[in-house]
Amino acid sequence: MSATTPAIVLGGTGYVAGELLRLMAGHPALEVAAILSDSQPGAKVSGAFAHLRSAYPDLQFAGLEEIEALVRRTPRCALFSAAPHGVAAALIDRLLAAAEAAGTEVHCVDISADFRYSSAAAYEAVYQHAHGAPARIREFTCAVPEHLRKSPTRHVAHPGCFATATLLATVPLLALGLTDTRLFVTGITGSTGSGRKPVEGTHHPQRHSDLYTYGALSHRHVPEIIACAKLAAGVEAELNFVPHSGPFARGIHVTVQASLKRSMTTAQALEALKTYYRDCPFVQVGDAAPRIKDVATSNYAHLGTVTNGNSIAVMSVVDNLNKGAAGGAIQWMNRLLGLAETTGLTAPAPGWT
């Protein structure tokens, strides 16, 4: 294997694409070869991501035909898709088909929702439009890295940011048989989770110093969370999820509550979580309540838990753009390429964001 693997990013000027570029700027085994923008081919990437100018002073956005040619002539490459759901599948299918025709090797991690479901029907029931590449679904596995040691498929779909934070808290409860399968989840996300295009919910004067729910008990990521939890824990849960928009840019805080099957102390619950995640370098279980500032911009997740004897609450915090998207995707790609999963991802949070 060469010293570095060329990496291709789909997703143009979006926040997650920018986060992928930021993380790969310090990655010793991945080198950005191209980033797609059909609307801005030839434009400098630093025009969209000024904070990355020092890392990519000359990198330009590429068109799809240019990237397709790159896939055909590159013996081995890493493909990251941060394109929107409903768009990603067709793009990925085209590039994988080009690689197959040319006999080149591509590993793909998709951060959109397009390959998170086990069938086109399941996807279409949630997103209300036809899947862009239904024949490719079987080539992808969807899981949080901590819940599946090795992907059985060449390609991986990364769960959404809310799903990641929720799964890290819920799967141990279900897998260890600690609680009933009826779970109550409250989540708060930063404004970057709504994407880069300004809308009322992300406009600063509207969101600043405010807190409000959206999609209460009907959020479209619920079926995805249930499916991933069943794959990881072998248990189908009932998930009652109330998401909130928070007055900050980065991070997610999730609280999961459930009834315990048998009485246990907080100390016992903490020990159960610590044991469950003992071989997971990016999940840290602590005695203190987890805080978003302690994980913002990092690939780490912090968990905490308390019980009152009969009920349990598990708190989970992640950075939505990093651990919940770009960082988790690179963690998976590291594994797919035979690298240590921590490669390029161990930088701690700055703490004073």
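The values are calculated or read from the model by the stated rules, or taken from the named source; none is laboratory data. Bear in mind that the values here come from a model prediction, so they are computed numbers and not experimental data. So basically every Cβ, Gly included, is an ideal-geometry build from the backbone, and we count neighbours across all protein chains shown. Accessible surface areas use protein heavy atoms only, side chains included; no ligands, DNA or RNA. Shrake-Rupley method; radii C 1.70, N 1.55, O 1.52, S 1.80 Å.
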Rounded to the nearest 10 Å², the accessible area of THR181 at probe 1.4 Å: 60
So for segment 81-202, using the alpha carbon gyration tensor with a ≥ b ≥ c as root eigenvalues (a/c under 1.5 gives rounded; past that, a/b versus b/c decides prolate or oblate), I'd call it oblate
Leaving ligands, DNA and RNA out of it, work out the accessible area of SER259 with a 1.4 Å probe and give it in Å² to the nearest 10. 50
Largest-first principal axis extents of the Cα set of segment 142-206 (Å): 44, 34, 13
Can you work out ³J(HN,Hα) from phi for every residue in segment 178-192, in order, using Karplus 6.51 cos²θ - 1.76 cosθ + 1.60 and θ = phi - 60°, giving whole Hz and x for Gly and Pro? 7, 10, 5, 7, 8, 10, 10, 10, 10, x, 10, 10, x, 5, 5
Would you list ARG278, ARG76, ARG182, ARG94 from the most to the least accessible area, probe 1.4 Å? ARG278, ARG182, ARG94, ARG76
Quick check: Cα centre of segment 68-103 to Cα centre of segment 302-322, how many Å? 37
What's the center-to-center distance, using Cα atoms, between segment 189-222 and segment 1-40 in Å? 27
With DNA, RNA and ligands ignored, accessible area of LYS44 (1.4 Å probe; Å², nearest 10): 100
The chain: relative contact order from alpha carbon pairs under 8 Å, six or more residues apart, as a whole percent, is 16
Heavy-atom accessible area ranking, 1.4 Å probe, most first, across ARG207, ARG53, ARG335: ARG53, ARG335, ARG207
Starting from the Cα of GLN257, step 7 Å along the direction of its Cβ; do the same at SER119; then give the gap between the two resulting points in nm. 3.5
Keeping every protein chain present and rolling a 1.4 Å probe, give me the accessible area per residue for the chain in Å². 42
What would the Debye equation give as log₁₀ I(q)/I(0) for segment 1-110 at q = 0.10, 0.20 Å⁻¹, counting only Cα atoms as equal point scatterers? -0.25, -1.05
Ordering ILE35, ILE226 from largest to smallest accessible area (1.4 angstrom probe), what's the sequence? ILE226, ILE35
Fraction of antiparallel bridges per DSSP, the chain only, in percent to nearest 5: 45
Subtracting the Cα-Cα distance of LEU217 and GLN284 from 0.36 nm times their residue separation yields 21.2 nm
For a quick check: with amide H placed at 1.01 Å from N, whose amide H comes under 5 Å from LYS261's, ignoring anything fewer than 5 positions away on the same chain? THR179, ASP180
Would you mind working out the magnitude of the charge dipole of segment 34-173 relative to its Cα centre, with +1 at each Lys and Arg C-beta and -1 at each Asp and Glu C-beta, to the nearest 20 Debye? 340
How large is the charge dipole for the chain, taken about the Cα centre, if only the Cβ atoms of Lys, Arg (+1) and Asp, Glu (-1) carry charge, to the nearest 20 debye? 380
Along segment 320-330, what does the Karplus equation 6.51 cos²θ - 1.76 cosθ + 1.60 (θ = phi - 60°) give for ³J(HN,Hα), rounded to whole Hz, x for Gly and Pro? 5, 7, 9, 4, x, 7, 5, x, x, 5, 5
Candidate values (1) 21; (2) 18; (3) 25, label of the one derived for percent of Cα pairs over 36 Å apart: (2)
